[in-house]
C-alpha cells in the first residue's frame, strides 16, 4: 500500500494588494459592510487571491509525515515522538517540497481535496513557476487515485455534507478544532508571527483526516485504495 493524506492552510492577500480593477471585481456584489467582510473571507479560498501557508502530509499506514510551512526565521524540528518533521520555507518552497514528496505515493487522500486542496495547489504551483508532477483532480470515481473523504462519506453527494470537525466527532475521532484554533484564525496567527502554531494546527487536521480515512477504509471502503 502506498497512500498519503494531505491538507493545506491558506490565507488571502490583503485587498489593497490588488489593483483597482481587481478590487472592484472582488467587491462587485458587496453592498453592505457584512457583505464586504464575507467577500474578503472568501478570498482565502481561491488560489488567485490567496497563498498557501502550510501543507501537511501523513502516511496513514505508519502515521508518520511532515509539514512544509511558511516560517521565516524558524529552524526545522520534529515532534516529540519523531513521527512528524516540520520544515519552514517560503510558499514556492512548500510547493516544491510537496511535489517531490507526493510523487512517491500511489493514492492521495483528502477531505474536500478535489474541490479545494488539489486545484489550489496545482494553480498556485503554476502561478509560482513550480511544475506539477501529477493530476490531483483525476477521475472522481477512482478513490484508488484520489480518495476524497467528503465524496466517499456523502456517497458522491447523495447525502448531506458536514465539515471535518463534525465527521470526526461522529466517528469518535479527536477533532483538530479542540485545541481552540480553526481555519478562521490563520490570518491573526500569521500576522502575529505564530507560524509554528499554524504548522501544528495543519498537522492536527491531517492526522484527523488520516484517522477518518482508516475508519472509512475499514468499514466502508471495501479495499478500493489498496
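The values are calculated or read from the model by the stated rules, or taken from the named source; none is laboratory data. These numbers were taken from a predicted model, which means no experiment stands behind them. Cβ atoms come from the backbone with ideal geometry, glycine included; neighbour counts cover every protein chain shown.
Looking at 148, 117, which is the one that is touching a strand residue (DSSP E or B) at 6+ places or on another chain (Cβ under 6 Å), buried (at least 17 other Cβ atoms within 10 Å of the Cβ) and in contact (Cβ under 8 Å) with a residue 40 or more places away in the chain? None of the others qualify; the one that does is 117. Taking the criterion of being under 20 Å from residue 151 (Cβ atoms) and in contact with a helix residue (DSSP H, G or I) (Cβ under 7 Å, 6 or more places away or on another chain), the residues of the stretch 67-115 that qualify are 108, 109, 110, 111, 112, 114. Considering the stretch 172-193, and only residues there that are crowded, with 18+ Cβ neighbours inside 10 Å and without any contact (Cβ under 8 Å) to a residue 60 or more places away in the chain, the residue that is nearest to residue 78 (Cα to Cα) turns out to be 176. For the stretch 1-41, name all the residues that are at pLDDT below 95 and under 25 Å from residue 212 (Cα atoms). Of everything in the stretch 1-41, those that are at pLDDT below 95 and under 25 Å from residue 212 (Cα atoms) turn out to be 1, 2.
Residue count for the stretch 194-225, restricted to those that are touching a residue at least 60 places away in the same chain (Cβ under 8 Å) and loosely packed, with under 13 Cβ neighbours inside 10 Å: 1.
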